[in-house]
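All remarks here apply to the structure that follows.
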Amino acid sequence: MYQIEILPRTLHFKQPAGTSRGIYTTRQVWYLKVTDPQSGRTGIGECAPLPALSCDDLPDYEAILASHCQEVAQTGQINLDKLRPYPSMLFGLETALRHLKSGSVRLWDTPFSQGKVGIPINGLIWMGNFEEMYHRIEEKMKAGFRCIKVKIGAIDFQKELELLGHIRNHFSPEQIELRVDANGAFAPEEALTRLEALHQFHLHSIEQPIRAGQWQEMKRLCSETPFPIALDEELIGVNDTKQKIELLETIRPQYIILKPSLHGGLAGSAEWIRLAEERNIGYWITSALESNIGLNAIAQWCATLNPVLPQGLGTGLLFTDNIDYPFAIEGDCLRFHPEQPEPDFETFLANE
């Protein structure tokens, strides 16, 4: 029914991306090119598991991906149950087929894809030393961001408090919304004390204060925290509907953060949203170091949800060897420009 090519590529960061798991300088992705022989139309998707983080970061990743691509090529359908354990593969196939169907990188018809509205996003401050992070914060504030997310847990905690204090000395909570992401860096026994120390800066939320998998400790934190907690890594590998319900019922977080490449593709992320909303749990969407192909797919889908909170949709712009897409960060919004040309996939995918 379809022809599917798998095209592995290595992307290079414009500057090293520091996380609590180390520093990324390159990024391995697998692009999918789906062709309909009858119409000649193609669709492009991106499979981008994160090393040592994604539940489908596997040694035989490409072989497993090839097997699923073969089945989709033959049937024309995605077997959601079979692909639940492989969220980045599911995301790549979902979005490639969506691109094929839409015939455009305007994957859904929304005010965003029509160029009428932007999606509000946060300015992301990568981990670094004090001076680097201080400079990056200044840049984001000058660029007009009204929501800034600071990754913490890499330098001395007192230095991180100084950074947050610097922002609050210049901007009130009404002027700048502050989010922090601990990436599980706090020990359970110190976490509540640290949350209380952070509370003085009137933060919107903190992501994943302690390492994932400690449900009872996280439940306690979410019930006692002085400001909202958002789960991120906690959701990775929780792909079964019953497991999702059990996690949400046990921990009762204030927010969940959904990265389709990590958390079940678009279908799995939509299920997380439904289950969260049934329990009055908020959410927002973020990208996970995909190139512009993946970022566009996430943004186009996110726009169908009519987001109000700032989303995390800036990371696709981090690479030197990216493909040009008709969107840009303008002020504190990601905006799509439908009047601009479609991306040149043939040239981009031909370059090894």
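Computed from the coordinates by the stated procedures, all read-outs in this text should not be read as laboratory data. Nothing here was measured: the structure is a model prediction, and the numbers come from that model. Neighbour counts are summed over all protein chains in view; Cβ atoms, including those assigned to glycine, are modelled from backbone coordinates with ideal geometry.
Working from Cα pairs under 8 Å separated by at least six residues, relative contact order for the chain is 20 percent.
Spin-label model, ASN280 to ALA63: label points 7 Å out along the Cα-to-beta-carbon direction sit 5.0 nm apart. Considering only beta bridges that DSSP places wholly inside the stretch 119-345, some 25 percent are antiparallel. In the stretch 164-226, Rg over Rh equals 1.01, where Rg is the alpha-carbon radius of gyration and Rh the Kirkwood radius from pairwise Cα distances. If you take the square roots of the eigenvalues of the alpha-carbon gyration tensor of the stretch 71-129 and sort them as a ≥ b ≥ c, do you get rounded (a/c under 1.5), prolate (a/b over b/c) or oblate? Because a/c hits 1.5 or more and a/b fails to exceed b/c, the stretch 71-129 counts as oblate. When the Gaussian network model of the chain links Cα atoms closer than 10 Å, the mean-square fluctuations of PRO260, PRO310, PRO37 top out at PRO37.
Which of ILE273, ILE119, ILE23, ILE257 has the fewest other C-beta atoms within 10 Å, and how do the rest follow up to the most? Please report the intermediate quantities before stating the final value.
Details: ILE273 16, ILE119 23, ILE23 13, ILE257 26.
Fewest to most other Cβ atoms nearby, the residues stand as ILE23, ILE273, ILE119, ILE257.
With N as its number of residues, the stretch 102-218 has a Cα radius of gyration that, divided by 2.2 N^0.38 Å, comes to 1.27. Ellipticity at 222 nm from helices only: DSSP H runs of n ≥ 4 in the chain, each -39500 (n - 2.57), divided by the residue count, give -11000 deg cm²/dmol.
Karplus-derived 3J(HN,Hα) values for the stretch 221-226, using 6.51 cos²θ - 1.76 cosθ + 1.60 with θ = phi - 60°, are 4, 5, 7, 10, 4, x Hz; glycine and proline are entered as x. Where the alpha-carbon atoms of the chain are placed on the principal axes, they occupy 62, 43, 35 Å, in descending order.
Averaging the Cα positions of each part gives two centres, and for the stretch 179-227 and the stretch 99-166 these lie 21 Å apart.
Annotation: the residues VAL117, VAL308, sorted from fewest to most other C-beta atoms within 10 Å of their own C-beta, follow the order VAL308, VAL117. Beta-bridge orientation, the stretch 3-104: approximately 100 percent antiparallel, per DSSP, counting only bridges with both partners inside.
Could you check how many percent of all C-alpha pairs in the stretch 157-269 are farther apart than 25 Å? Across the stretch 157-269, Cα pairs with separations above 25 Å total 26 percent.
Of the beta bridges DSSP finds with both residues in the stretch 244-352, what % are antiparallel, to the nearest 5?
45 percent
Output the 0 to 90 degree angle, nearest 10, between the alpha-carbon long axis of helix 130-143 and the longest principal axis computed from the alpha carbons of the chain. The answer is roughly 70 degrees.
Quotient of the Cα radius of gyration of the stretch 275-352 and 2.2 N^0.38 Å, N being its number of residues: 1.25. For GLU162 and GLN243, the difference between the fully extended length at 0.36 nm per residue and the C-alpha to C-alpha distance is 25.2 nm.
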